[in-house]
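A quick write-up on the structure given underneath.
The values are calculated or read from the model by the stated rules, or taken from the named source; none is laboratory data. Note that this is a predicted model, so its numbers are computed, not measured. In this analysis, Cβ positions are derived from the backbone assuming ideal geometry, glycine residues included, and neighbour counts consider all displayed protein chains.
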Amino acid sequence: MSTGIVTGASRGLGLALARQLVARGWRLVVDARGSAELERAWSGVDDVVSIAGDIADSRHRLALVEAAGGEIDLVVNNASVLGPSPLPPLAEYPLDELRRVYDINVTAPLALVQLAFPRLADGARILNITSDAAVEAYEGWGGYGSSKAALERVSAVLAAEHPELRVYAVDPGDMRTQMHQDAFPGEDISDRPPPEESVPGLLELIEGDLPSGRFKARELVRIEA
């Protein structure tokens, strides 16, 4: 049985992906900041260890890796934070908030990989969930977008340093999630696709044989046998 860690798995993309992995026979360690929401999502589900906590907390990261046990086949760094809402322009961006965005979106994913590294199986997958805001300059998205750009560079360098692993930066596309709603307060985002539509592309990266790199989830077509 393959073992993976999926962060931010109480709702949205993390929850949708983790459910599909469990259905495929994976053993998972999942987390989220909200304990009640995490409990509702995973209570009573076999082969899933759920641990509530902040991914920026070093003790929490250690608990995730220890709960995984032996070899780790997959780390999905999905947990992230948008930053202030409404999104402020960079000239007015509170620097304390910017440091928090970078801590959660860049430093914490790398720190989790560092802890997991001694237990990663040969050929293990690391998926760092990114955004088109990492490459496109959208007004108001300077904090979040630049943090995701940094995460993409971390992913690329990690892949260059460890060819025995598959390291992916993956853009799931626009999704109808709470984070997306927070980015557009008061707006109707019902036209955005649900996160489930991005999951097949993620599964192709996890179960397929694509090389390390940056991918757009919805451009990956999974062909079932």
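Yes/no per residue for (1) basic (K, R); (2) within 16 Å of the chain's Cα centre (by Cα); (3) within 26 Å of M175 (Cα to Cα); (4) surrounded by fewer than 17 Cβ atoms within 10 Å (Cβ to Cβ):
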{"residue": "G12", "(1), (2), (3), (4)": "no, yes, yes, no"}
{"residue": "V29", "(1), (2), (3), (4)": "no, yes, yes, no"}
{"residue": "A32", "(1), (2), (3), (4)": "no, yes, yes, no"}
{"residue": "A41", "(1), (2), (3), (4)": "no, no, yes, no"}
{"residue": "S50", "(1), (2), (3), (4)": "no, yes, yes, no"}
{"residue": "G53", "(1), (2), (3), (4)": "no, yes, yes, no"}
{"residue": "R59", "(1), (2), (3), (4)": "yes, no, no, yes"}
{"residue": "L74", "(1), (2), (3), (4)": "no, yes, yes, no"}
| query | Going by the structure shown, is I51 at pLDDT 95 or above and assigned to a loop (DSSP other than H, G, I, E, B)? | reply | no
| In the range 1-31, which residues are at pLDDT below 95 and among the charged types (D, E, K, R)? | R11
| task | Considering only residues that are out of contact with any helix residue (DSSP H, G or I) (no Cβ under 7 Å at 6 or more places or on another chain) and not in a loop (DSSP other than H, G, I, E, B), look in the range 140-157 and name the one that is nearest to V113 (Cα to Cα). | result | S155
| query | Which members of the range 150-196 meet the condition of being among the hydrophobic types (A, V, I, L, M, F, W, C), out of contact with any Ser or Thr (no Cβ under 8 Å at 6 or more places or on another chain) and closer than 20 Å to L98 by Cα? | reply | A150, V154, F184
| query | Counting only residues that are within 25 Å of P88 (Cα to Cα) and acidic (D, E), which one in the range 132-163 is surrounded by the most Cβ atoms within 10 Å (Cβ to Cβ)? | reply | E152
